Amino acid sequence: MFITRFAPSPTGPLHLGHAYSAILAYDRAQAEGGTFLLRIDDLDQTRCRPEWEVQIFDDLAWLWLGWPLPVLRQSTRLPRYRAALKSLWNQGLIYQCSCSRADIRAATSAPQEGAPLLGPDGVIYPGTCRPATPPQGPMPEECALRLDMARACRMLSSPLIYKEKDEIITPHDLPHTVGDVVLARREMGASYHLSVVVDDADQGITHVIRGEDLQEATQIHVLLQRLLGLPTPAYHHHALIRDAAGRRLAKRDDARAIATYRVDGASPSDIRALLGL
Ligand code: GLU
């Protein structure tokens, strides 16, 4: 069985890099006789816009990609994410954090601390709000919740592993290289890491194909899958499409937007040729 997905956030136009990811996943699903799903990662409602979502559907259909309906939208899934958070809370693995970014900067930039350590989500949390023992009582609502990474890693009965292309990867030392990641924010009931893990499992995703900018986050996802009793898909992180100066493409880079190529008269085969596909 082969089920993969393309999960864009409707925060700007799709550019060549998105097209590369989507076409790779679609072609692989076709070759394997599997399924290609489209999922809309619209959890951050402050940045997502309906017009970008319309453009995503339109651009992907223009590229001759197809997917089954209905399309899953993360904004409809908050109760499911909260249930997953409750499971982690009941295991004593998450805690409430009231630190602002400025608090974290201040705590990690004290002269005796040396240079702040960076993980996949930026500065590694210094642990200011981490309780010595698991918090008791019901899980608090509308607050930031962090994973107690050291406690979570101590709970594992066997090493974490996952498959990246044909290699077996064993993430290690997550408390020091990743730290206590945010799983819910005050203004957003679940973080990217939590929602992507729950959605991939609920959609039966067997293969995740996405850009190598997310490679470092994968160890967090594999850990969450283990803690939540969810299966781990196989991963393939592809190289990023870069501009002539070697910079990775960003959503604001309108020159590389698929919509711009369309207006300029390019065909879907021209886009595939540009991407070396
Ligand atoms: N929504 C994420 C993005 O646009 C991708 C999520 C994923 O593939 O795991 O970067």
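The values are calculated or read from the model by the stated rules, or taken from the named source; none is laboratory data. Note that this is a predicted model, so its numbers are computed, not measured. We place every Cβ from the backbone using ideal geometry, glycine too, and count neighbours over all the protein chains shown. Side chains are part of the model used for accessible areas, which takes the heavy atoms of the whole protein and leaves out ligands, DNA and RNA. Shrake-Rupley method; radii C 1.70, N 1.55, O 1.52, S 1.80 Å.
So here's what we get for this one:
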quantity: Residue in segment 2-13 that is in contact (Cβ under 8 Å) with a residue 60 or more places away in the chain, more than 23 Å from ARG262 (Cα to Cα) and open to solvent by 20 Å² or more (accessible area, probe 1.4 Å) present; calculated: yes
quantity: Criterion violated by THR76 - all others in (1) over 18 Å from the mean Cα position of the chain (by Cα); (2) farther than 29 Å from VAL263 by Cβ satisfied; calculated: (1)
quantity: So ARG262, is it more than 30 Å from LEU145 (Cβ to Cβ), basic (Lys, Arg), open to solvent by 30 Å² or more (accessible area, probe 1.4 Å) and without any contact (Cβ under 8 Å) to a residue 12 or more places away in the chain; calculated: no
quantity: Members of segment 147-169 found to be in contact with a strand residue (DSSP E or B) (Cβ under 8 Å, 6 or more places away or on another chain), among the aliphatic types (A, V, I, L, M) and outside any loop (DSSP other than H, G, I, E, B), listed by number; calculated: LEU147, ILE168, ILE169
quantity: Answer residue from segment 135-162, given it is open to solvent by less than 90 Å² (accessible area, probe 1.4 Å) and among the basic types (Lys, Arg) and is nearest to LEU227 (Cα to Cα) among those; calculated: ARG151
quantity: All positions within segment 216-235 that are more than 14 Å from the chain's Cα centre (by Cα) and not in a loop (DSSP other than H, G, I, E, B); calculated: ARG226, LEU227, LEU228, ALA234
quantity: Failed item in (1) open to solvent by 40 Å² or more (accessible area, probe 1.4 Å); (2) in a loop (DSSP other than H, G, I, E, B), with TYR125 passing the rest; calculated: (1)
quantity: Tally, over segment 14-31, of residues that are touching a residue at least 60 places away in the same chain (Cβ under 8 Å) and surrounded by fewer than 18 Cβ atoms within 10 Å (Cβ to Cβ); calculated: 2
quantity: Segment 178-206: number of residues that are within 16 Å of TYR235 (Cβ to Cβ), of a type outside the set (Gly, Ala, Ser) and part of a loop (DSSP other than H, G, I, E, B); calculated: 3
quantity: Residue under evaluation GLN55, criteria (1) within 16 Å of the ligand (Cβ to nearest atom); (2) surrounded by fewer than 16 Cβ atoms within 10 Å (Cβ to Cβ); (3) in a helix (DSSP H, G or I), criterion not met; calculated: (2)
quantity: Selection from segment 35-52 of residues that are buried (at least 19 other Cβ atoms within 10 Å of the Cβ) and within 10 Å of the ligand (Cβ to nearest atom); calculated: ARG39, ILE40, ASP41, ASP42, LEU43
quantity: Count of segment 1-30 residues which are out of contact with any Cys (no Cβ under 8 Å at 6 or more places or on another chain), within 14 Å of the ligand (Cβ to nearest atom) and of a type in the set (S, T, N, Q); calculated: 2
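Yes/no matrix, rows are residues, columns are (1) free of Cβ contacts under 8 Å to residues at least 60 places away in the same chain; (2) under 18 Å from the mean Cα position of the chain (by Cα); (3) open to solvent by 60 Å² or more (accessible area, probe 1.4 Å):
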| position | (1), (2), (3) |
| --- | --- |
| GLY33 | yes, no, yes |
| ALA61 | yes, no, no |
| ARG82 | no, yes, no |
| LEU93 | no, no, no |
| GLN96 | yes, no, yes |
| ARG105 | yes, no, yes |
